[in-house]
Amino acid sequence: MRLDKLFATCSVAAMVFGPTNLSAQNPTTRNLTGDAWKLEAKGDAGEAREQLRKSAEAAPNDPLALEAHAAFLGQHRDPAARDAYEKLWRLLGRNRASPGERARVARRLAELDLIAGDRASAQTHLEGFRSAGGNGLSLPPASEAAECRSAA
């Protein structure tokens with residue numbers, strides 16, 4: 001159990017201090033994720049999740065708050081991460097965010113779609129990834145994917 005807490009704490013720390021995190025640019029969001037990290041380190045991940053959710057709901061046009069919430073959910077393998085990242089992706093498109101930011105979020109969405117078994121959404125998000133300048137990712141044809149599943 002202590003290993004789980006250590007992993008969760010390191011995950012949140014990586015989210016706060018990671019170089020690709022949008023929140024590194026905004027002191028307010030950095031405080032938000034820092035507060036969430038402190039709560040989680042104390043063993044109160046539920047309260048950390050709730051604070052991040054409230055912040056994302058209170059500022060639906062703030063990509064930093066949305067990303068902090070989505071990343072937290074993703075780190076905890078919460079299925080709600082897909083919806084949170086979807087909101088962030090749509091906002092980044094409306095705000096004309098950098099192609100790199102849009103590609104990163106579209107890639108994460110494609111990963112979450114595949115985990116959820118939603119190939120159609122994964123394909124849509126991979127197209128968004130490529131249109132934002134991303135490359136190197138593709139889905140095998142559906143027939144090959146089905147063969148791989150049946151062989152496993």
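Kindly state which helices (runs of 4 or more DSSP H) lie completely within segment 46-132 and contain at least 1 residues that are among the charged types (D, E, K, R) and touching a His at 6+ places or on another chain (Cβ under 7 Å).
99-115
On the given criteria, is Ala58 small (Gly, Ala, Ser), farther than 25 Å from Phe129 by Cα, surrounded by fewer than 22 Cβ atoms within 10 Å (Cβ to Cβ) and touching a residue at least 12 places away in the same chain (Cβ under 8 Å)?
So Ala58 does not fit the description; no.
Which of (1) surrounded by fewer than 17 Cβ atoms within 10 Å (Cβ to Cβ); (2) touching a residue at least 12 places away in the same chain (Cβ under 8 Å) is the odd one out, the single condition Pro140 does not satisfy?
(2)
Taking the condition of being without any contact (Cβ under 8 Å) to a residue 12 or more places away in the chain and either of a type in the set (Gly, Ala, Ser) or buried (at least 23 other Cβ atoms within 10 Å of the Cβ) (or both), how many residues in segment 61-85 meet it?
Selection size over segment 61-85: 1.
Of everything in segment 50-64, what is under 16 Å from Asp78 (Cα atoms) and not hydrophobic (A, V, I, L, M, F, W, C)? Give them in sequence order.
Glu50, Gln51, Arg53
Are any of the residues in segment 102-125 exposed (fewer than 13 other Cβ atoms within 10 Å of the Cβ), over 28 Å from Asn31 (Cα atoms), of a type outside the set (Val, Ile, Thr) and touching a residue at least 12 places away in the same chain (Cβ under 8 Å)?
Scanning segment 102-125 turns up no residue that is exposed (fewer than 13 other Cβ atoms within 10 Å of the Cβ), over 28 Å from Asn31 (Cα atoms), of a type outside the set (Val, Ile, Thr) and touching a residue at least 12 places away in the same chain (Cβ under 8 Å).
Pick out the one residue from Asn31, Asn21 that is at pLDDT below 90 and under 13 Å from the mean Cα position of the chain (by Cα).
Exactly one residue qualifies, and that residue is Asn21.
Right, Ala36: of a type outside the set (S, T, N, Q) and either under 18 Å from Ala81 (Cβ atoms) or at pLDDT 85 or above (or both) or not?
So Ala36 fits the description; yes.
The values are calculated or read from the model by the stated rules, or taken from the named source; none is laboratory data. Quantities reported herein were computed from a predicted structural model and do not represent experimental measurements. All Cβ positions, glycine included, derive from the backbone under ideal geometry; neighbour counts span all protein chains shown.
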